[in-house]
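Scroll down for the structure; my scribbles are underneath it.
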Amino acid sequence: MESLILEWLGLAFRWIHIITGIAWIGASFYFNWLLNHLLTSDDPKVAGQLWALHAGGFFNVEKRNIEPGQLPEPLHWFKWESYWTWISGFVMLVIVYYFGAEAYLIDPAVMALTAWQAIAISLATLAGSWLVYHGLWNSAFGRSNQTRSVVLTAVFITVMTIVLTQVFSGRGAFLHVGAMLATWMSGNVFFVIMPAQRQLVQATLAGQPQNKQLANDAGQRSLHNNYLTLPVLFAMFSNHYPATFGGEWNWLILIALFAVGVLVRHYFNVRDKQGNFKAGWMLVVAFVVFIGTALVASYPALSQKAAGEIQYTQVQGLLQQHCISCHAAQPTSTAFTSAPKGVMLETEAQARSQATQIATQVSSRIMPLGNTTGMTEDERQLLVQWARQVQP
């Protein structure tokens, strides 16, 4: 019953996460596009304007300079999309990675942790990394040279990625790097963007001049969120691609794919400002980096020497010992009420039909979950070699 309740809770909050995440990202991308397309106006009260066509209608959008003492009504704010995206994401983190720490978060071959130790490290990562990031960009040192601060932030993300891949399972580490960056994004909204906007509104209502530094700070953090979005999205769905997080150099794979996301986002930002496609070389670089990353991640499998023919009888006992408790019509594992993703491995025909998945999941160490069955490296290698021999 407990696993069934957690499954439905996970579904509910994942759905909320997707809905609010789409709303938040959509608004962020739209407003960034809007700022990059505004044209100058002869009206001194208009800071920029543009015409757009959507859903069969013509729209004139203006960015206006609001005089002190005046405030248009109603004034729409965008904040709950961010808040609920983070809240629902954190609830899913608790449901999947905290309640299932032994299976999804901890890998004894990486670091032997108890569930509570892993959870404490997780919480410290989310809170502590925000304090470092926010402290840098909120300091006089960080404000004095933005290029230097960007480099330091990139170095910090890389260091945290290396550290987390040496602490958690590859799957858990990738998810936590994404959760760390997502926490920064929501922190930017809650601690910087919204307070700045409230102060700007209060100053306007009081008939006082607006503090332009507040607007600059809010705009800067909004731009940070814009660039962090694609890396976070990859980290959140990376659990579906064990070839990315299952290898020895998984931290390098993640950073390289983050670079691809940042390059793609920067291409669109620059293209919008230039009004042409001269920045297309960025997409070429992103493609080359992606292909190079795929080759690096795949090298162990591609370079593995072919072994002598392995018979099903040699791996049948391994499947029985390490896999069938979950992947059966009637799982005996208390973690599942039905075979995960409908994958059953009780017969040779079933195992052969899933050979590609077996090779990927076992070689990347995602299976058995948390290695709770104690699969040895020799057993892992034997099963992977058989799977690669018989895969379609």
Those residues of segment 356-392 which are over 29 Å from the mean Cα position of the chain (by Cα) and of a type in the set (Lys, Arg) amount to 388
Only one of these conditions is not met by residue 230: (1) open to solvent by 40 Å² or more (accessible area, probe 1.4 Å); (2) closer than 30 Å to residue 368 by Cβ; (3) under 12 Å from the mean Cα position of the chain (by Cα). Which number is it? (2)
Report the residue count in segment 73-105 for those that are open to solvent by less than 80 Å² (accessible area, probe 1.4 Å), within 29 Å of residue 201 (Cα to Cα) and not in a helix (DSSP H, G or I). 2
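Restricting attention to segment 78-96, which residues are under 19 Å from residue 5 (Cβ atoms) and over 15 Å from the mean Cα position of the chain (by Cα)?
91, 94, 95, 96 - these are the residues of segment 78-96 that are under 19 Å from residue 5 (Cβ atoms) and over 15 Å from the mean Cα position of the chain (by Cα).
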Inspect segment 57-69 for any residue being of a type in the set (S, T, N, Q) and out of contact with any strand residue (DSSP E or B) (no Cβ under 9 Å at 6 or more places or on another chain) and give the result as yes or no. no
Residues (free of Cβ contacts under 8 Å to residues at least 40 places away in the same chain and not in a strand (DSSP E or B)) located in segment 38-66: 38, 40, 41, 42, 43, 44, 45, 55, 56, 65
Name the one entry in 93, 131, 105 that is at pLDDT 95 or above, under 18 Å from residue 13 (Cβ atoms) and not hydroxyl-bearing (Ser, Thr, Tyr). 93
Of the residues in segment 285-315, how many are at pLDDT below 95, open to solvent by 70 Å² or more (accessible area, probe 1.4 Å) and within 30 Å of the chain's Cα centre (by Cα)? 5
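Regarding residue 319, is this residue in a helix (DSSP H, G or I) and touching a helix residue (DSSP H, G or I) at 6+ places or on another chain (Cβ under 7 Å)? Even if it seems obvious, please write down each step before you answer.
Working: in a helix (DSSP H, G or I): yes; touching a helix residue (DSSP H, G or I) at 6+ places or on another chain (Cβ under 7 Å): yes.
Yes; evaluated as a whole, the condition is true for this residue.
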Being out of contact with any helix residue (DSSP H, G or I) (no Cβ under 8 Å at 6 or more places or on another chain), surrounded by 11 or more Cβ atoms within 10 Å (Cβ to Cβ) and of a type in the set (Phe, Trp, Tyr) is the filter here, so list the residues in segment 1-29 that pass it. 15
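In the list 110, 163, 155, 177, which residue meets the criterion of being closer than 30 Å to residue 365 by Cα, at pLDDT below 95 and within 23 Å of the chain's Cα centre (by Cα)?
Working: 163 fails: at pLDDT below 95; 155 fails: at pLDDT below 95; 177 fails: at pLDDT below 95.
Unique residue meeting the criteria: 110.
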Please go through segment 127-178 and give me each residue that is closer than 23 Å to residue 117 by Cβ and in contact with a Leu (Cβ under 7 Å, 6 or more places away or on another chain), ordered by number. 161, 168, 169, 172, 173, 174, 176, 177
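The values are calculated or read from the model by the stated rules, or taken from the named source; none is laboratory data. Treat the numbers as computed from the prediction; the structure is a model and nothing was measured. Reconstructed Cβ throughout: ideal geometry from the backbone, glycine too, with neighbour counts over all protein chains shown. Just the protein is used for accessible areas: all its heavy atoms, side chains included, with ligands, DNA and RNA removed. Shrake-Rupley method; radii C 1.70, N 1.55, O 1.52, S 1.80 Å.
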